[in-house]
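Quick notes on the structure that follows.
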Amino acid sequence: MSAQDGKEISGLQREQELTIDQLVESDPGLALQRLISQTTVSSISVAESLPCTQHPGQLQLYTHIGVGTCGTVYHESGATTVLKLAKSQEWGVQLWNDYIIHSEVLAAFAKHGSAITLRIPAVHHFTTRHDAHWWTPNLPFFPRETEPTDVLVSERIMPLPRLIRDSLVNAYCSGDAARKTAARHDPANSACLARVYLGRRRRVRVKPQTCFSLRNFPLHVDQILDVGLDARPWAKAMGQTLAVMHWEVGCDARDVEFVLGCQASLSPADLRMLPGKTSTRGTVVNVGRRSVDLWMLDFNQVRSMSMDEEGVDWAMHAFFENDPYFPRPHAEDAEEQQLWAVFSEAYLEMAKRFVDEQQKRLRVIGGIQARPRSLHEYENGETGGG
């Protein structure tokens, strides 16, 4: 019996003995395994709506939920959209690139993504800073903006449910009970997506935590494996996705992100599990009972690449320059070695759809594998948060 099988059996026994709410408090790691499991389908029992604040003229409030490389991020209260506002006119160029690449990736996945277990947010529209028709009525309701700027509007990846957030706090927030309680009730932590770092273990923390944030929470490979989650489907999806971006879209996938989050829209099965007539405008299904999906987002730094040696070099450089979402070769841990095998095999198999020449398909994966392990560790330790 493998260690993974042992974890699953032990987890099943504990689940039979404790409710999920009890697990969140007594064994948050096991709670995370159960709540994030990609094979478990749980019932929906409670629905909670996003706050909707009305203002004169029936305009809605835009709530600040984060800051990215090129823009400030808001969500529209009572709706399921997210708005990324360029930090300056110069950053607006990157935001436009985000719009173009995002649209191209969606088109490629419409053709080739049916076998890939990954979601990409829908992209809605781009509004320039010169669009007075949109900005004149909307500017007063952005809490941090004083003048118009370029805006990209897309589908919002909904935050991880409360029980998952509480489990993350209980498992990884150091300090006493009061500190954990404060973290659980911090409004900023309700906007929680988890970055899936299959290519890096946690660093040894030298200084004590000064604050605990769930925004873009870094979920490292050792944490994923320790709680008994099966990361192989994520590794496979990442490999397939990277092949589509390289060989179908023709881009280097520079600085894209892979996160765990929930879908905004409700499926027919979701609707049937709601308690009778329920308002579903801007609805988030609650209590961790909703499926958690792997999403890809953020295309502002992605560059188009040629299909020659120079393009392959760009692709390899982007692989290591990015935060460590992708598994790495030469790992010492057997389970991490398996993740690299799953990732690389999925990449090469998907690349067959677009590239006939085997040697050409092997260039990117072969180049990554040929990289000295010391360089993997250096770049792995210097990029990303957490």
(message) Given a Förster distance of 25 Å, report the FRET efficiency between residue 19 and residue 177 from their Cβ-Cβ distance, rounded to the nearest 0.05.
(response) 0.75
(request) For an R0 of 25 angstrom, estimate the FRET efficiency from the Cβ-Cβ distance between residue 352 and residue 117 and round to the nearest 0.05. (result) 0.85
(request) Compute the length gained on full extension between residue 277 and residue 146: take 0.36 nm times their separation in residues and subtract their Cα-Cα distance, giving the result in nm to one decimal. (result) 43.1 nm
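With N denoting the number of residues in the range 57-199, provide Rg(C-alpha) divided by 2.2 N^0.38 Å, to two decimal places.
Details: Rg = 17.7 Å, N = 143, 2.2 N^0.38 = 14.5 Å.
Compared with the compact-globule rule of thumb, the range 57-199 sits at 1.22.
Each reported figure results from applying straightforward, stated rules to the coordinates on display, with no laboratory input. Computed from a predicted structure; not experimentally measured. Using ideal geometry, Cβ is built from the backbone for each residue, glycine included, and neighbour counts are taken over all protein chains shown.
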